[in-house]
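Throughout, read-outs are computed from the coordinates displayed, never taken from laboratory work. Note that the coordinates shown come from a computational prediction; the quantities given were computed from them, not determined experimentally. Cβ placement follows ideal geometry from the backbone for every residue including glycine, while neighbour counts extend to all protein chains displayed.
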């Protein structure tokens with residue numbers, strides 16, 4: 001079914017539910033053209049998802065830099081739905097070969113422009129590999145307990161990280177439509193500058209190396225990230 005085939009359906013839905021926000025799951029193709037032709041509000045940003053984990057695994061932030069250039073262009077046309085995991089992907093805590101890089105992936109999710117989504121369980125560091133076989137999704141779609149009191153006791157540090165970065169996102173709601181630029185890109189380090197319409201500023205620095213670094217004037221620890229607000 002082509003993108004334009006969805007437009008009359010989307011228009012009928014929005015005529016009845018004008019406040020509806022419609023997300024399309026799209027893996028490949030031109031995201032911007034699909035949004036324009038179909039009338040949906042957003043699509044899943046699989047390009048950025050892939051670049052996030054593979055650039056961290058390969059110590060190749062040039063790949064992430066390329067994906068961020070495309071992401072910035074998409075954001076000029078619509079607001080992509082961003083994620084580091086969903087019901088169809090291996091958990092980010094499993095996908096990353098170095099667990100120290102999980103915080104970097106989460107920092108990207110919670111600071112980049114777009115509409116970030118957190119897949120249930122990632123905030124507790126759930127692991128699970130998606131397999132190409134019958135019941136291959138079971139590991140990434142575990143049953144949840146009847147009440148939150150039954151949640152597993154692990155993942156405290158990851159949970160605290162998510163709380164801190166969600167709070168940062170809430171303090172800076174302009175990030176959803178921020179202008180994005182990058183600089184100081186090497187295999188292991190990069191600086192991402194985000195700017196809002198009212199002069200707001202936020203800088204995210206990544207470092208996947210074994211030694212601390214100063215990137216664009218911002219000090220950052222080994223296998224860590226740093227955020228500068230204001």
Taking the stated definitions as given, is residue 37 assigned to a helix (DSSP H, G or I) and over 27 Å from residue 90 (Cβ atoms)? yes
Region 201-223 residues that are more than 27 Å from residue 171 (Cα to Cα), paired with ones that are surrounded by fewer than 18 Cβ atoms within 10 Å (Cβ to Cβ) (beta carbon under 7 Å, 6 or more apart): 209/222; 210/222; 211/222; 212/219; 212/221; 212/222
Among the listed residues 146, 142, which satisfies the condition of being in contact (Cβ under 8 Å) with a residue 12 or more places away in the chain and assigned to a loop (DSSP other than H, G, I, E, B)? 142
Can you pull out the residues in region 184-230 that are in a loop (DSSP other than H, G, I, E, B), in contact with a strand residue (DSSP E or B) (Cβ under 7 Å, 6 or more places away or on another chain) and over 25 Å from residue 99 (Cα atoms)? 216, 230
Considering only residues that are touching a residue at least 12 places away in the same chain (Cβ under 8 Å) and loosely packed, with under 14 Cβ neighbours inside 10 Å, look in region 6-36 and name the one that is farthest from the chain's Cα centre (by Cα). 11
Which of the residues spanning region 40-54 are in contact (Cβ under 8 Å) with a residue 60 or more places away in the chain and either more than 21 Å from residue 82 (Cα to Cα) or part of a loop (DSSP other than H, G, I, E, B) (or both)? 45
Tally of residues being part of a loop (DSSP other than H, G, I, E, B) and in contact (Cβ under 8 Å) with a residue 40 or more places away in the chain across region 94-129: 7
Return the total of residues in region 185-199 being farther than 14 Å from residue 60 by Cβ and either buried (at least 19 other Cβ atoms within 10 Å of the Cβ) or within 21 Å of the chain's Cα centre (by Cα) (or both). 6
Tally of residues being in contact with a strand residue (DSSP E or B) (Cβ under 9 Å, 6 or more places away or on another chain) and either part of a loop (DSSP other than H, G, I, E, B) or over 14 Å from residue 82 (Cβ atoms) (or both) across region 4-28: 7
Identify, from the list 177, 167, the residue that is farther than 26 Å from residue 57 by Cβ, out of contact with any strand residue (DSSP E or B) (no Cβ under 9 Å at 6 or more places or on another chain) and touching a residue at least 40 places away in the same chain (Cβ under 8 Å). 177
